[in-house]
Amino acid sequence: MTAPHRPYAGGLAADVGSIVGGRRLRRNRRTDWSRRLVREVSLTVDDLIWPLFLTEGEGIAEDVPSMPGVQRFSVDGVVRQAEEAAKLGIPAIALFPNTDPSLRDETGSEALNPDNLICRACRAITREGLPIGIITDVALDPYTSHGHDGLMQGEDILNDETVEQLVRQALLQADAGADVIAPSDMMDGRIGAIRGALDRSGHGDVQVMAYAAKYASAFYGPFRDAVGTNTTLVGDKRTYQMDPANSDEALREVELDLEEGADMVMIKPGMPYLDIIRRVKDTFLMPTYAYQVSGEYAMICAAGQNGWIDRDRAMMESLIAFKRAGTDGILTYFAPEVARRLAKAV
C-alpha cells in the first residue's frame, strides 16, 4: 500500500531555514517600492556636471568619432547647450577647447589670449544670466604644440615656470566669468599659487576644483581626440600624472591640494579608481568628484551599440557606482541624457 503524500519537511531546505532564521535579506528586494525604500544612495540631477567641447567657427556642431553622441560646438552652440543644461537642472558645465593647430606653440601662448575659445565662451554664457556654474580647465595641453600640460626644456617639464603661466591662465578665465577654476595639469604647488592670485585680484569667490589625483591613464584617448592632442602629444605624461599602481600617494596629493586652498577635489579617471574615491572621501570628508572619462564613456557606448551590454542600464549603474563610492558629483558625457531620464522618473 502506498503511503499518503506529505509535504517535504526535512533535508537541505529545512537546514537552510534553520540557518537563516528570520534573517532573509531578499524580503527587502521583492518589490520595486521596497527596493526604493531601502536604497542606500540615490542619483539625482544635482550630481551631474556636463563636459562640453569647444571649436572655432560659428554654427558648428561636429561629431567626435570616438565618442558617439558627443560633439564639438562653436561658442554660439555652447551657449545653446548651456541653456539646455540649465533647463534640465544640471548644476554646472565644464568647458574644454579644441584649439586651432595654427595657434599652438611650444609655450602654449594661446592660453594667455583673453579672446581664446574658453574666455569667449565664458563671456557669452555669462551674458545669458543662466543659473548654471561654469567650470574651466586650467592646463596647457590644448595649447601646446607638443601636447603636454606644461612648459618644456628638452624632455623635461618645468614645474615652477609652468605654474606661473597657469596662474595667468586662471586669472584670465576668472575675468571672463568662470565660476570654478579646475587645474588639471598635476604640477606641484599650482593650487596654492592660483588660490592666492585669485584672492589678490578680487576673485575671492571663484572656487577651485583640483584635479587632485589624476592618473596617467589609458582611458583618455577619445578625449585627446576631442581636443586635438592625440596627434600632437610627444612622449607620455607619467612624470607628472600619477602611477595607476599607487593609492596612498593619492591621499598625499589630495591633502596638499586641500592645504593649498582647494574647495573641491577630483579623482580621474573614475570607474577604475572607485577605491581611491572611497579613501579620499572617508579621509577628508570634503566635496569629492569623479570624472567619468572619455574612455569609460566610449566603452559603454561601443558595447551597447554592438549589443554586448544594455547601454542604458550600464550607464545608470556606472553613475550609481560613483555615488556608492562617495562622490558628491560626477563629470559625465551622459549628463543630459541622464537628466532627462531622471526627470521622467519623478
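The values are calculated or read from the model by the stated rules, or taken from the named source; none is laboratory data. This structure is a prediction, so every number in the text was calculated from the model and none was measured. Using ideal geometry, Cβ is built from the backbone for each residue, glycine included, and neighbour counts are taken over all protein chains shown. We work out accessible area using only protein heavy atoms, side chains counted, and drop any ligands, DNA or RNA first. Shrake-Rupley method; radii C 1.70, N 1.55, O 1.52, S 1.80 Å.
Here are the numbers for this structure:
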{"item": "Residues within the stretch 216-234 that are of a type in the set (Gly, Ala, Ser), in contact with a strand residue (DSSP E or B) (Cβ under 9 Å, 6 or more places away or on another chain) and closer than 18 Å to Gly69 by Cβ, tallied", "result": "1"}
{"item": "Any hit, the stretch 133-147, residues being touching a Phe, Trp or Tyr at 6+ places or on another chain (Cβ under 7 Å), open to solvent by 20 Å² or more (accessible area, probe 1.4 Å), farther than 24 Å from Val338 by Cα and of a type outside the set (A, V, I, L, M, F, W, C)", "result": "no"}
{"item": "Pick from the stretch 148-180, criterion acidic (Asp, Glu) and open to solvent by 10 Å² or more (accessible area, probe 1.4 Å), ranking: nearest to Pro51 (Cα to Cα)", "result": "Asp179"}
{"item": "Lone unmet requirement of (1) without any contact (Cβ under 8 Å) to a residue 60 or more places away in the chain; (2) within 30 Å of Arg127 (Cβ to Cβ) for Ala226", "result": "(1)"}
{"item": "Boolean, Gly69 is touching a Cys at 6+ places or on another chain (Cβ under 9 Å) and open to solvent by 50 Å² or more (accessible area, probe 1.4 Å)", "result": "yes"}
{"item": "Candidate set from the stretch 97-119 (those that are charged (D, E, K, R) and surrounded by fewer than 20 Cβ atoms within 10 Å (Cβ to Cβ)); member that is farthest from Leu151 (Cα to Cα)", "result": "Asp115"}
{"item": "The stretch 259-273 residues that are among the β-branched types (Val, Ile, Thr), paired with ones that are in a loop (DSSP other than H, G, I, E, B) (beta carbon under 8 Å, 6 or more apart)", "result": "Val265/Met286; Val265/Pro287"}
{"item": "Some residue of the stretch 324-335 being of a type in the set (Gly, Ala, Ser) and assigned to a strand (DSSP E or B)", "result": "yes"}
{"item": "Scan of the stretch 148-174 for residues that are within 17 Å of Phe96 (Cα to Cα) and not in a loop (DSSP other than H, G, I, E, B), ordered by number", "result": "Leu166, Gln169, Ala170, Leu171, Leu172, Gln173, Ala174"}
{"item": "Restricting the stretch 314-346 to residues that are open to solvent by 60 Å² or more (accessible area, probe 1.4 Å) and of a type in the set (D, E, K, R), the residue that is farthest from Asp282 (Cα to Cα)", "result": "Lys344"}
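Listed here are the residues, each with its yes/no results for (1) closer than 23 Å to Met67 by Cβ; (2) modelled with pLDDT under 95; (3) touching a strand residue (DSSP E or B) at 6+ places or on another chain (Cβ under 8 Å).
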{"position": "Glu255", "(1), (2), (3)": "no, no, no"}
{"position": "Leu258", "(1), (2), (3)": "no, no, yes"}
{"position": "Pro287", "(1), (2), (3)": "no, no, yes"}
{"position": "Leu331", "(1), (2), (3)": "yes, no, yes"}
{"position": "Ala335", "(1), (2), (3)": "yes, no, yes"}
{"position": "Lys344", "(1), (2), (3)": "no, yes, no"}
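Here's the yes/no breakdown for (1) among the β-branched types (Val, Ile, Thr); (2) within 19 Å of Pro183 (Cβ to Cβ):
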| residue | (1), (2) |
| --- | --- |
| Ala262 | no, yes |
| Arg279 | no, no |
| Leu285 | no, no |
| Tyr289 | no, yes |
| Arg311 | no, no |
| Ala314 | no, no |
| Ile320 | yes, no |
| Ala339 | no, no |
